[in-house]
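Just below is one structure, and these are the notes that go with it.
The values are calculated or read from the model by the stated rules, or taken from the named source; none is laboratory data. Remember, predicted model here, so these are calculated numbers, not experimental data. Please note: Cβ atoms are built from the backbone with ideal geometry, for glycine as well, and neighbour counts cover all protein chains shown. We work out accessible area using only protein heavy atoms, side chains counted, and drop any ligands, DNA or RNA first. Shrake-Rupley method; radii C 1.70, N 1.55, O 1.52, S 1.80 Å.
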Number of protein chains: 2
Amino acid sequence: SSLEGTEKGHLNLAASETASHFITLLLAQFRKIHPGITFNLQIHNRKGLLNCLKSNQVDLVIMGQTPKDMDLISEPFMNNPLVIIGPGEQNSKLSGIKKLSELMEEQFVVREPGSGTRIAMERFFSAHKIQLNTSMEMPNNGAIKQAVSAGLGLGIVSLHTLQQELALDQIQVLNVKEMPIMRIWYIVHQKQKVISPAMEVFKQFVIKQTQPIWTKKYPFLLKHL
Amino acid sequence: SSLEGTEKGHLNLAASETASHFITLLLAQFRKIHPGITFNLQIHNRKGLLNCLKSNQVDLVIMGQTPKDMDLISEPFMNNPLVIIGPGEQNSKLSGIKKLSELMEEQFVVREPGSGTRIAMERFFSAHKIQLNTSMEMPNNGAIKQAVSAGLGLGIVSLHTLQQELALDQIQVLNVKEMPIMRIWYIVHQKQKVISPAMEVFKQFVIKQTQPIWTKKYPFLLKHL
């Protein structure tokens, strides 16, 4: 029957490093309900994910906005707020920053040029005619958060990477008026892809369950959403 | 004077993703004492770091054991214990695991083949004639820890990546008799490199200050060292 079909299968998944923060929790829940569906998960930056889609190496990709010039089906399933972060809670100078223009006096630790976060950040600040000083470039969110927490500069990361740092007061989210930069998470596949029952059941699970599972686990993220 | 020389300069640094957990804290302290020395930091896995050294792209590299067939100067400065991790503290089955052979019944989430942690892990288990079941491969420690914490398997990571997860009880370190796998952190440069005063002052800072700075910040790591 078609029901049995949904209960067996293998999924080749890929996600951005940022999405890997919630996707592992999601996969763990999915596996409990569908133990017959196995999967592997690759993590790449935006450039790498687009290569995976072009070469048809994966079934489904979790990422930010996809380019319009590729034949893809992209379905949105959760907001992805990019926020400005600084070290800890005890810095009154930082918590006093309310305007974008005040950020020009600060140093920033940023992601590498191929990253979706970096692209979204540059587009946003260019639109607001703000020039940021970048003191360091880091290839993943972990290194950015560590550098920010150690006092090497401010950073811009997805709120979805911050659950531990907020719980431990290692990072503060700055209260700048125009922020967050709101992006959206998509689940994506090639248009010509034959959709297996396992793909369909996983896709619907991601669309319906990601936000409830994630915010149930980390309710304090809700106040920033 | 030679003292002035040490106070100005630029350093091109590279570190493994695992080392990035402590190197950012170290750089922040270093910058306070030597504000005239600027630096940039690349993060690569072992393979990428060896390429940096071969092509002479960087001044100093922080990494695990270097290969003997390259003309390098490697100085050890801190232990790097690799530990077996499982989800949270409330799993009595996991905390009951004491023998390596019991690990063969578990699923493991592992790093990619080019990673130093992966190489050290494979060497260790092969020497002990233990075959691990690997259920998933992840390209960074963050994804491994998230997968382990979500219940997707056990993992093997450097203790130096666990400061937040241990503080939040998201991860437990298993108490297996033969563990940890003890590796060592090295600061490395090409043998023929001309050592600038900035390189020398940073190298000595890393060798003398890393362990005190790191364990002062995260004293609970000491009980696992």
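Among (1) at pLDDT below 95; (2) open to solvent by 10 Å² or more (accessible area, probe 1.4 Å); (3) assigned by TED's automatic domain parsing to the domain that holds B:Phe205, which single condition is B:Pro87 missing?
Evaluating B:Pro87 over (1) at pLDDT below 95; (2) open to solvent by 10 Å² or more (accessible area, probe 1.4 Å); (3) assigned by TED's automatic domain parsing to the domain that holds B:Phe205 leaves (3) as the failure.
Which of the numbered conditions does A:Pro113 fail, given that it passes all the others? Conditions: (1) outside the structural domain of A:Met199 (by TED's automatic domain parsing); (2) open to solvent by less than 70 Å² (accessible area, probe 1.4 Å); (3) closer than 30 Å to A:Asn12 by Cα.
Status for A:Pro113: all satisfied but (2).
At least 3 residues that are within 13 Å of chain A (Cβ to nearest Cβ) and touching a helix residue (DSSP H, G or I) at 6+ places or on another chain (Cβ under 9 Å) in each: list the strands (runs of 3 or more DSSP E) lying fully within segment B:24-91 that qualify.
On the way: elements: B:37-44, B:60-63, B:72-87.
Correct list: B:37-44.
Kindly state which strands (runs of 3 or more DSSP E) lie completely within segment A:121-221 and contain at least 2 residues that are in contact with a helix residue (DSSP H, G or I) (Cβ under 8 Å, 6 or more places away or on another chain) and away from every other protein chain (no Cβ under 13 Å).
A:154-158, A:171-173, A:181-190
Hey, can you tell me all the residues within segment A:23-56 that are open to solvent by 50 Å² or more (accessible area, probe 1.4 Å) and β-branched (Val, Ile, Thr)?
Listed by number, the residues that qualify are A:Ile33, A:Thr38.
Can you report the number of residues in segment B:57-66 which are β-branched (Val, Ile, Thr) and either open to solvent by 10 Å² or more (accessible area, probe 1.4 Å) or touching a Gly at 6+ places or on another chain (Cβ under 7 Å) (or both)? Lay out the reasoning, then the answer.
Our first condition is that a residue be β-branched (Val, Ile, Thr); within segment B:57-66, this holds for B:58, B:61-62, B:66.
Next, only the ones that are either open to solvent by 10 Å² or more (accessible area, probe 1.4 Å) or touching a Gly at 6+ places or on another chain (Cβ under 7 Å) (or both) stay: B:66.
Of the residues in that region, 1 qualify.
Do we have B:Glu4 as under 15 Å from the mean Cα position of the chain (by Cα) and at pLDDT below 90 here?
Values: under 15 Å from the mean Cα position of the chain (by Cα): no; at pLDDT below 90: yes.
It is false that B:Glu4 is under 15 Å from the mean Cα position of the chain (by Cα) and at pLDDT below 90.
Among (1) of a type in the set (A, V, I, L, M, F, W, C); (2) closer than 21 Å to B:Gln107 by Cα; (3) crowded, with 21+ Cβ neighbours inside 10 Å, where does B:Trp185 come up short?
So the condition that B:Trp185 fails would be (2).
Being in contact with a strand residue (DSSP E or B) (Cβ under 8 Å, 6 or more places away or on another chain) and polar (S, T, N, Q) is the filter here, so list the residues in segment A:25-52 that pass it.
If the condition is that a residue be in contact with a strand residue (DSSP E or B) (Cβ under 8 Å, 6 or more places away or on another chain) and polar (S, T, N, Q), then A:Thr38, A:Asn40, A:Gln42, A:Asn45, A:Asn51 are the ones that fit.
For (1) open to solvent by 20 Å² or more (accessible area, probe 1.4 Å); (2) in the same structural domain as B:Asn40 (by TED's automatic domain parsing), each residue gets a yes or a no:
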{"residue": "B:Ile156", "(1), (2)": "no, no"}
{"residue": "B:Gln163", "(1), (2)": "no, no"}
{"residue": "B:Leu168", "(1), (2)": "yes, no"}
{"residue": "B:Ile207", "(1), (2)": "yes, yes"}
{"residue": "B:Trp214", "(1), (2)": "no, yes"}
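Take B:Ser16 and decide whether it is surrounded by 13 or more Cβ atoms within 10 Å (Cβ to Cβ), touching a residue at least 24 places away in the same chain (Cβ under 8 Å) and within 14 Å of chain A (Cβ to nearest Cβ).
Yes; evaluated as a whole, the condition is true for this residue.
Assuming B:Asp71 fulfils every condition listed in (1) loosely packed, with under 15 Cβ neighbours inside 10 Å; (2) under 30 Å from B:Gln172 (Cα atoms) apart from one, which condition is it?
Here B:Asp71 meets the rest and fails (2).
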